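Presented below is the structure to which this report refers.
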2 protein chains.
Amino acid sequence: MTQTKIFGHQNPDTDTITSALVTADIEQQLGNDAVARRLGEVNPETQYALDHFGVEAPAMLEPLEDDAPVILVDHNEFQQSAENIENAEILKVYDHHRISNFRTESPLYYRAEPVGCTATILKKIYAENDLTISREMAGLMLSAIISDTLLFKSPTTTEEDRKAAEALRETAEVDLEEYGIEMLKAGASTSDKSAEALITGDAKTFEMGERSTRIAQVNVVDVDEVFERKEELESAINEQIEKDGYDLFVLVVTDILNSNSRVLALGSHAKSIEKAFDVALDENSAVLEGVVSRKKQVVPQITKALS
Amino acid sequence: MTQTKIFGHQNPDTDTITSALVTADIEQQLGNDAVARRLGEVNPETQYALDHFGVEAPAMLEPLEDDAPVILVDHNEFQQSAENIENAEILKVYDHHRISNFRTESPLYYRAEPVGCTATILKKIYAENDLTISREMAGLMLSAIISDTLLFKSPTTTEEDRKAAEALRETAEVDLEEYGIEMLKAGASTSDKSAEALITGDAKTFEMGERSTRIAQVNVVDVDEVFERKEELESAINEQIEKDGYDLFVLVVTDILNSNSRVLALGSHAKSIEKAFDVALDENSAVLEGVVSRKKQVVPQITKALS
């Protein structure tokens, strides 16, 4: 009998890596020969969680042979999965996403629930099968819930995620809030990114009346860390304004924990920010209380102010 | 809020009809506004089960509007489902088949397990949600398990199906064996079928050396019921032999409960049956112990005897 490989999606995040490890623990307790694997590099947030609970990262997945037995976690769409997945034998799936571009030749175990995180489902599997949750596995599941729900701030959070986290934190022996913020900080660090990367990573151009506005957004847990590099960012932004002829460039630095944003606005029409949000710019910057969504809370307001 | 419609596949069988009714009971106990529907006529086996437990058949499904909330049971492939299913909002699926030609736009609850029957999964859902199983619902689930596993004789039967049935029969207050046989008999009745229908329904022609052999098979729970019409069947078979020039015509009447078959053999080479199965024909008929598969236990043996 070939060993079953358990893995999540490409560009792995914390839920995908920890769910593979947790599912491997479940399978092993059920007496099955199965191990966790990963499809890409472990990100800093996930590494923080693994280090905290003293668990080793899974090894990279070996090329999948035809009919290789596998278990998918945190994804099902084949284009997000391993190469040759269409010829593998998918035994089980644990997921919390829509189902698309997925098919099997044989009946399988498929468990999807519309919750915020795969770990919330896996916690139930322990209970349903009367298995033991170790401190390490509780810690990994808790980390996944914190990550996927941004410490319960994301609108994808469900009551079940909250309950699962509440129950897991005792076994994991951590202060939920404190550990959660530290872990998210480890992942949302901007110190290793260039100013160029920060202002281009997630940026879009909007034509507003006769004006061309560029709006970049960065999600962080430490806004100050970004604004410590304000001068460096300003000169990078001014370069872009000159090169591409924007009338306004807004960098929106969103505090994912407190659900606020601080903006940096440059260009000939920077003052329109004051009208748009009823704030005063202080050295090109202002705090926008309660603003987290570019699409719903930034673009329409600036469009109106500029027209 | 629109009422959620729950339904199984086209050409409904007992598992599909009862799983829709049972899932409706689960949803209602969970406080959701949901009702069972069907996509086709209720067959005699299912009607027997419904009558026995005093439950009304679901109504036919109304045409599905776009975005109508639905729950699928006992199937997932869109071509087996309702018209316009691709534009409905699929909230949940309970199934025990492979997944194929299925997709959603949003996350959903999907529960598939590789067991013999959807009802075996539904029984767990009651337990997981701490819901009460009434005598009626226990009876319907038990009927579905008996139907899909042919009273545990089918190779698709799993240990979980057996356990579920064992637990349900107490609540259902029936003698498992006795009730099961009566229900299967109600469905496998041949009395409403013409002799013509019985010998053509599932018949194939095989060229064996220089001989042309026609082999028809009928699955029943009451072999005698078929052989009470032996004369009628013989004249229908002889008509076919004359018309199509067969050297041998074998009607295989398979007892799905006892895993035996009784054959009726006519034509110029009927005696080859004696050689093929080491039996003596008595008035053109013989019992073949342990024979249920035409492909594996009938065709090769006759081919050898005729060559």
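Since every read-out is calculated from the coordinates, none of them should be taken as a lab result. Here the structure is a predicted model, which means the values were calculated and not measured. Every residue, glycine as well, gets a Cβ built from its backbone with ideal geometry; the counts of neighbours run over all protein chains shown.
Quote the convex hull volume per residue of the stretch B:4-186, based on C-alpha atoms, as a whole number of Å³.
106 Å³
What are the nm distances, shortest first, from residue B:10 to its equivalents in the other copies, labels at 7 Å along Cα→Cβ?
3.6
Measuring label to label, 7 Å along Cα→Cβ, what does residue A:259 give against each other copy in nm, shortest first?
6.2
How are the Cα pair distances of the protein assembly as shown distributed, in percent, across 20 Å bins from 0?
Each 20 Å bin holds this share of Cα pairs: 17, 36, 30, 12, 5, 0.
Compute from the Cα atoms of the stretch B:106-238 the Rg and the Dmax, the latter being the longest Cα-Cα distance, and quote both in angstrom.
Answer for the stretch B:106-238, Rg first and Dmax second: 20.1, 66 Å.
When you look at the Cβ of every residue in A:88-101, what mean number of other chain Cβ atoms sits within 10 Å?
3
Please go through the stretch A:156-191 and write out the GluC sites (Glu not before Pro) that DSSP classes as loop and that have at most 16 other C-beta atoms within 10 Å.
A:173
So which trypsin sites (Lys or Arg not before Pro) in the stretch B:116-183 end up in coil per DSSP with only 15 or fewer other C-beta atoms within 10 Å?
Answer in residue order: B:153.
For the stretch A:251-307, state which GluC sites (Glu not before Pro) are in a DSSP loop and have at most 13 other beta carbons lying within 10 Å of their beta carbon.
Within the stretch A:251-307, the qualifying GluC sites (Glu not before Pro) (loop, at most 13 other Cβ atoms within 10 Å) are A:283, A:289.
Can you list the equivalent-ellipsoid semi-axes of chain A, largest first and in whole Å, using the square root of 5 times each Cα gyration tensor eigenvalue?
Over the Cα atoms of chain A, the ellipsoid semi-axes are 42, 21, 17 Å.
Looking for one value pair here: nearest-to-axis residue in chain A (by Cβ) for the rotation onto B, and the distance in whole angstrom.
Taking Cβ atoms only, the nearest residue and its distance are A:110, 2.
Excluding residue B:111 itself, what net charge comes from residues whose Cβ is under 14 Å from its Cβ, given Lys and Arg +1 and Asp and Glu -1?
Residues close to residue B:111 contribute a combined charge of -3.
Can you give the direction-averaged projected area of the convex hull of the alpha-carbon atoms in the stretch B:161-266, in nm²?
Mean orientational projected area (the stretch B:161-266, Cα hull): 8.2 nm².
Given the rule -39500 (n - 2.57) for each run of at least 4 DSSP H residues, summed and divided by the residues of the protein assembly as shown, what is its mean residue ellipticity at 222 nm, to the nearest 500 deg cm²/dmol?
-11500 deg cm²/dmol
How big is the gap, in Å, between the Cα center of the stretch B:178-251 and the Cα center of the stretch B:75-147?
Computed from Cα coordinates, the inter-centre distance equals 35 Å.
Starting from a label point 7 Å past Cα on the Cβ side, list the distances from residue B:304 to the same position in the other copies, nm, shortest first.
8.7
Enumerate the lysines that residue A:204 could reach by cross-link, defined here as Cα to Cα under 23 Å, with residues fewer than 8 away along the same chain left out.
Those lysines meeting the cut-off are A:193, A:230, A:243, A:271, A:275, A:295, A:296, A:304.
List the lysines whose Cα lies under 23 Å from the Cα of residue A:163, skipping any in the same chain that are fewer than 8 positions away.
Those lysines meeting the cut-off are A:123, A:124, A:153, B:92, B:124.
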